[in-house]
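Readers should treat all values here as calculations from the given coordinates under stated rules, not as data from a laboratory. Please read these numbers as outputs of a predicted model, since none were measured by experiment. Positions of Cβ are generated from backbone atoms using ideal geometry, with glycine treated the same way; all protein chains shown enter the neighbour counts.
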Amino acid sequence: MQSFMLAVDRLSTFIGKFFAWTVVGLTALICWEVFSRYALNHPHAWVLDAQIMLYGTLFMTAGAYTLSKNGHVRGDVLYGFFRPRTQATLDLILYVLFFLPGIVALTWAGWTFAQESLAIREQTFSADALPLYPFKFIIPIAGGALLLQGLVEMLRCMVCIREGAWPKRGDDVEEVDVEKLKEMVNVKDADIAALDKLVVKDTGSRA
């Protein structure tokens, strides 16, 4: 069970990190268009459509990755004080009532929209039209990945309810833990305070 959950975590992480490279393409495209528009006086009508599609792709494919890292916004004013079993029970109820119907509908409708778009070879409405149907296939792909990760999260809830503790997640880049960083470099709060005083004193003497 744990190996399966971690495997899905790795898949969601791969999808998220793969499509994160769209940020590079989006940045390069915007910089090039700004230069072309203002320096060369040669704007391109299709660039705005391409920007929207790239950003939409980035936004949608980040869902499963964020869920695998438990990074979605949560109203945890009271949630954080609950025992793991209580947290897991609440999560499981909410997944069944709200998550599953919404994501199943998203994936199903997205697949239908993508097929219809492909059938008519749908294009954007700009003067220099771009094909739109490849972008629409991102909707069911992102929805399917999010649905799979959601099912794994439901399994995690069941495991937590049974064992009383949350199962381990896959490792990934985390925010800097200041206290751990202090321990690693052997820095104490007193050292930081002394350095602050020295900086303030030196600044005052120069002034």
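Calculate, for residue 10 and residue 197, the FRET efficiency according to 1/(1 + (r/R0)^6) with r their C-beta to C-beta distance and R0 41 Å; round to the nearest 0.05.
Approximately 0.30, to the nearest 0.05.
What is the calculated FRET efficiency for residue 40 to residue 123, with r their C-beta to C-beta distance and R₀ = 35 Å, to the nearest 0.05?
For R0 = 35 Å, the calculated efficiency reads 0.85.
Restricting attention to the range 69-100, which trypsin sites (Lys or Arg not before Pro) occupy a DSSP loop and are surrounded by at most 11 other Cβ atoms within 10 Å?
Here the sparse-neighbourhood loop sites are 74.
What's log10 of I(q)/I(0) for the chain at q = 0.10, 0.13, 0.14, 0.17 Å⁻¹, Debye sum over Cα points only, no solvent?
-0.68, -0.90, -0.96, -1.15
What number, in nm² with one decimal, is the all-direction average of the projected area of the convex hull of the alpha-carbon atoms of the range 1-50?
3.9 nm²
Spin-label point model (7 Å from Cα, Cβ direction): what's the residue 90 to residue 23 distance in nm?
3.1 nm
So how far apart, in nm, are the two label points at residue 51 and residue 3 if each is 7 Å from Cα heading toward Cβ?
My value for the distance between the label points is 4.8 nm.
Tell me which DSSP H helices of the chain clear both cut-offs, 20 Å or more of axial length from alpha-carbon atoms and a mean Kyte-Doolittle hydropathy of at least 1.0.
Sorted by number, the helices that extend far enough and score high enough are 22-38, 47-68, 138-163.
Under a point spin-label approximation (7 Å from Cα along Cα-to-Cβ), what is the residue 165-residue 83 distance to one decimal in nm?
Distance between the two pseudo-spin positions: 1.5 nm.
Please compute the contact order of the chain in relative form: average sequence separation of alpha-carbon pairs under 8 Å and at least six residues apart, divided by the residue count, as a percent.
Relative contact order, the chain: 26 percent.
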